[in-house]
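Student: One structure is given below, represented as structure tokens, and several questions about it will come after.
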Amino acid sequence: MEQNMNTSKGILKKGKRFPWLLALGLIVAILVPLTIGLVVYRGGGPSGSGAASDNTSSEDVLGAPVVDVMPISPVCTDNLICYVNSNSTPSGHGQIATSYAWYKDDVLQADLTGDTVASDYIAKGQTWKCVVTISDGAGASADGSDQVTIGNVQPTAPTVDVTPDVPAPTDDLVCSITVPSSDLDADNITYMYAWYKDGVLQADLTDNTIDSIYTDEGQIWRCAVAGSDGTSTSASSYDEVTIDSEMKAIYVWSWSWQLFDKPTEAEYFFDTCREEEIDTAFIAATDSDVLDYIQNSPAKIRAFIEDANADGIQVYALLARMDYGIEAALQPNVEAILKYNHDNPDCKFEGIHFDLEPPGGSSLSQHAAYLAECTTFFQDMKTWSYDGETIASQSVALGMFVDPRWSRTTCAAAYSGLVRELDYMDIAAYRAPPETGMSEVQGCVDLTVAEGKAFAITLETAEFSYTSDGATTYYEEGRAGLENCMSVMRAYYKANYSGHFMGFVIHHYENCISAWHTMNSIQWPSGSYSAGDTVSVTVTLHASDYYYWRPYGVKLEVRDSAGNIWVTSKIVCMHYSSNTKQVTLTWTVPSEAAAGDCDVKVSLWDVDLHDEGHYSKLFYSDFSSKYYGDSSGQKAALEAYDMDGLAALTHRPAEPTQVLTGKRTPFIELQSSGWNEGVFSLT
């Protein structure tokens, strides 16, 4: 008994692990049936009573197909393809049938039964859904679907063109669309313009046109344009142009010293340059008085050049010699300019312009010899220096007036040699119309360009004629005639000599400027007048100091309500001390004048046109005796006197530029106020 008890105890001791093994067995017994049950349920549940079938496999389950419509983000040019994931069709069902149904914006498209919808059927904004049904032929089936929305097609970039191709500073810039943006969605396209000046966006400029007030010489303007369909924007395309740095220069001859010493003259000069858009001034520096300013009063020169530069005007020294001995005559002037530029590098003479001509009457062979002397002069001049600085190191441009005859065979070689020493040539086109002038200078233009140099065209505006066989000056034609000439020439030279044509130089411009800008203001009458009353009109005239002696005709015209016109006029001269004069013209109302409102016109006439070097004989003796007979030497104004009897003022030839028996029209209308309507009334 004791032994059995011991044996029993031993057994109990060895079986201490049994409770843990028993627990593990129970867990396995419970979990295995549950797991089998879950697999069957996933397959769709039992048929009949819903009890789990021990014979059902996961490969026998017919699950919903996985569907993808591609591309994921389609546009109207894409075909839509409906893909079915192969893993979603179980193999245990044998042959599986697949069918497709397409819906556009939830509406069945009954005729579309394949896996693809061609791009012809779709459009931007539509939603397309593909529903795929799979079946096994034994009644089992399942559905799956996917859908996409048709997106926007980005417009293409337009093609643009900025015109003019070579714009002047006075030209507006226009950005035109030459090839519009295309849009496959057929959306309306709007365009967005962006302008860049020298690479910097001009945020306020968003139209297709830029006014010339925004542009300046040498600037690069780019127009970038993009098309928008309201949803997306195309890439930008652009075109750009460079604002032409066309020169418009003037010669300033005898009164140049006054620009340095008389504020009123300087003010008048700058006002005129602004109105005439002058950017370069050739200031005469040959005479001893101007040389004295450069050498001994450089501060006055500097002040003038500072003001000129602030107005966008470059200042060139103008040196002239109408004879041989060029070097001896002009070396002091050139050396004075070198010294001035050395001392004032920020307000220097930007160039030296030369008017070098052989004595009058020289033959072409003598011209050729003179050109050879000019060439030697320029070669020597380039070696001159001040404190080590030369013409080249100071970047002083060199140019010269050109007689168009220098292209003829006798002078051509000498002219080409001269061109090589200079930066530009200033070729005189002293003929009208512009086509005639261009023809005359063609030879020199071609020789200049052949040497790789630039050229400007000089036009004459002085009130005289060098020959009697044709027009040589645009004085008579006035500003309109001069501007038309420049327009014709500009178009030709820019089209045929781009990169060489610099612009225009106006010779003796002070003459026409003084005339064109003389009638500064008019005090018009007002109120009511009766027969016998005096109607007065006061005109304020201005002329440059150098032209204080010029006689002008001032004419007053009155037109009554019946169209009758009465005329009164005077000849006047400027006053030397003030350069201005007020002229009062009066009209006594005649009894036959019609009652009602009256119109008034004031015009200014040149009565000092040279006829073969002499003043017009119609008033020469009277005018000359009063002016030149002033024994005191004081340049006082002539007293105004009535121009009665000078009928030429009221009669002008139909063609004012025609030559009359070798002489020009004696009276030229310079300015007119035009008819000022309803100024006063008659009772």
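The values are calculated or read from the model by the stated rules, or taken from the named source; none is laboratory data. Nothing here was measured: the structure is a model prediction, and the numbers come from that model. Cβ sites come from the backbone with ideal geometry, for glycine too, and all protein chains shown count toward neighbours. Surface areas here come from the heavy atoms of the whole protein model, side chains and all, with no ligands, DNA or RNA. Shrake-Rupley method; radii C 1.70, N 1.55, O 1.52, S 1.80 Å.
Student: For Gly399, only one of the following conditions fails: (1) out of contact with any His (no Cβ under 9 Å at 6 or more places or on another chain); (2) open to solvent by less than 30 Å² (accessible area, probe 1.4 Å); (3) not hydrophobic (A, V, I, L, M, F, W, C). What is its number?
Tutor: (1)
Student: Restricting the first residue to region 288-301 and requiring it to be closer than 12 Å to Asp261 by Cα, which pairs with a second residue that is in a helix (DSSP H, G or I) and hydroxyl-bearing (Ser, Thr, Tyr) meet a Cβ separation below 9 Å and a spacing of at least six or different chains?
Tutor: As it stands, the answer is Pro298/Tyr340; Lys300/Tyr293; Ile301/Tyr293; Ile301/Tyr340, since those pairs meet every condition given.
Student: Separate question: Among the residues of region 137-196, write down those that are assigned to a loop (DSSP other than H, G, I, E, B), open to solvent by less than 70 Å² (accessible area, probe 1.4 Å) and aliphatic (A, V, I, L, M).
Tutor: Those that are assigned to a loop (DSSP other than H, G, I, E, B), open to solvent by less than 70 Å² (accessible area, probe 1.4 Å) and aliphatic (A, V, I, L, M): Ala140, Ile150, Val153, Ala157, Val166, Ala168, Ile189.
Student: Still on this structure, please answer the following. Consider Glu421 carefully, then state whether it is over 22 Å from Leu364 (Cβ atoms) and either modelled with pLDDT under 85 or in contact with a strand residue (DSSP E or B) (Cβ under 9 Å, 6 or more places away or on another chain) (or both).
Tutor: No; evaluated as a whole, the condition is false for this residue.
Student: Tally the residues that are in a helix (DSSP H, G or I), in contact with a Leu (Cβ under 8 Å, 6 or more places away or on another chain) and either of a type in the set (Lys, Arg) or in contact (Cβ under 8 Å) with a residue 40 or more places away in the chain (or both), restricting the search to region 407-462. Don't jump to the end; show me each part of the working.
Tutor: Going through region 407-462, the residues in a helix (DSSP H, G or I) turn out to be 407, 409-419, 434-450.
Imposing the further condition that a residue be in contact with a Leu (Cβ under 8 Å, 6 or more places away or on another chain) reduces the set to 407, 410-412, 414-419, 437.
After this cut, where a residue has to be either of a type in the set (Lys, Arg) or in contact (Cβ under 8 Å) with a residue 40 or more places away in the chain (or both) as well, the list is 407, 410-411, 414-415, 417-418, 437.
Total satisfying the criteria: 8.
Student: If I ask for residues that are surrounded by fewer than 20 Cβ atoms within 10 Å (Cβ to Cβ), of a type outside the set (Phe, Trp, Tyr) and part of a loop (DSSP other than H, G, I, E, B), which ones from region 313-347 would you list?
Tutor: Within region 313-347, Met322, Asp323, Gly325, Asn344 meet the criteria.
Student: Return the residues of region 435-451 that are open to solvent by 10 Å² or more (accessible area, probe 1.4 Å) and more than 14 Å from Arg405 (Cβ to Cβ); say none if nothing qualifies.
Tutor: Glu435, Thr436, Met438, Asp446, Val449, Ala450, Glu451
Condition check ((1) of a type in the set (A, V, I, L, M); (2) under 17 Å from Tyr430 (Cβ atoms); (3) at pLDDT 80 or above) across all residues:
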position: Ala456; (1), (2), (3): yes, yes, yes
position: Tyr466; (1), (2), (3): no, yes, no
position: Thr472; (1), (2), (3): no, yes, no
position: Glu476; (1), (2), (3): no, yes, no
position: Ala491; (1), (2), (3): yes, no, yes
position: Asn496; (1), (2), (3): no, no, yes
position: Phe501; (1), (2), (3): no, no, yes
position: His507; (1), (2), (3): no, yes, yes
position: Asn511; (1), (2), (3): no, yes, no
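The rows are residues; the columns are (1) without any contact (Cβ under 8 Å) to a residue 40 or more places away in the chain; (2) closer than 30 Å to Gly312 by Cβ.
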site: Gly151; (1), (2): no, no
site: Pro158; (1), (2): no, no
site: Pro167; (1), (2): no, yes
site: Asp172; (1), (2): no, yes
site: Ile177; (1), (2): no, no
site: Ala186; (1), (2): yes, no
site: Ile189; (1), (2): no, no
site: Tyr193; (1), (2): yes, yes
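Student: Moving to a separate point now. Tally time: how many residues in region 172-202 are out of contact with any strand residue (DSSP E or B) (no Cβ under 8 Å at 6 or more places or on another chain) and either polar (S, T, N, Q) or closer than 16 Å to Tyr238 by Cα (or both)? Before you say what the answer is, go through the steps one by one.
Tutor: Within region 172-202, the subset out of contact with any strand residue (DSSP E or B) (no Cβ under 8 Å at 6 or more places or on another chain) is 182, 184-188, 200.
Filter again for either polar (S, T, N, Q) or closer than 16 Å to Tyr238 by Cα (or both), leaving 182, 188, 200.
Looking only at that region, the number is 3.
Student: Which members of region 115-136 meet the condition of being under 20 Å from Ala64 (Cα atoms) and part of a loop (DSSP other than H, G, I, E, B)?
Tutor: Listed by number, the residues that qualify are Asp115, Asp136.
Student: Is one or more of the residues making up region 203-210 in a loop (DSSP other than H, G, I, E, B), closer than 30 Å to Leu80 by Cβ and polar (S, T, N, Q)?
Tutor: Taking every residue of region 203-210 in turn, none turns out to be in a loop (DSSP other than H, G, I, E, B), closer than 30 Å to Leu80 by Cβ and polar (S, T, N, Q).
Student: Restricting to region 268-292, give me the number of residues that are assigned to a helix (DSSP H, G or I) and open to solvent by 10 Å² or more (accessible area, probe 1.4 Å).
Tutor: Total meeting the criteria: 9.
Student: Counting residues that are within 17 Å of Thr683 (Cα to Cα) and modelled with pLDDT under 90, which strands (runs of 3 or more DSSP E) fully inside region 539-600 reach at least 1? Break it down into steps so the answer makes sense when it comes.
Tutor: Values: elements: 551-559, 565-573, 580-588.
Per the criteria, no element qualifies.
Student: OK, next. So how many residues does region 206-223 have that are within 19 Å of Ile177 (Cα to Cα), open to solvent by 70 Å² or more (accessible area, probe 1.4 Å) and of a type in the set (D, E, K, R)?
Tutor: Just the residues of region 206-223 that are within 19 Å of Ile177 (Cα to Cα), to begin with: 206-211, 221-223.
Okay, now just the ones that are also open to solvent by 70 Å² or more (accessible area, probe 1.4 Å), so 206-207, 222.
Restricting the remaining residues to those that are of a type in the set (D, E, K, R) gives 207, 222.
The total comes to 2.
Student: Is it true that some residue in region 249-267 is part of a loop (DSSP other than H, G, I, E, B), of a type outside the set (Gly, Ala, Ser) and within 28 Å of the chain's Cα centre (by Cα)?
Tutor: Checking region 249-267: not a single residue is part of a loop (DSSP other than H, G, I, E, B), of a type outside the set (Gly, Ala, Ser) and within 28 Å of the chain's Cα centre (by Cα).
Student: Within region 403-434, which residues are open to solvent by 40 Å² or more (accessible area, probe 1.4 Å) and under 33 Å from the mean Cα position of the chain (by Cα)?
Tutor: Within region 403-434, Arg420, Asp423, Arg431, Pro433 qualify.
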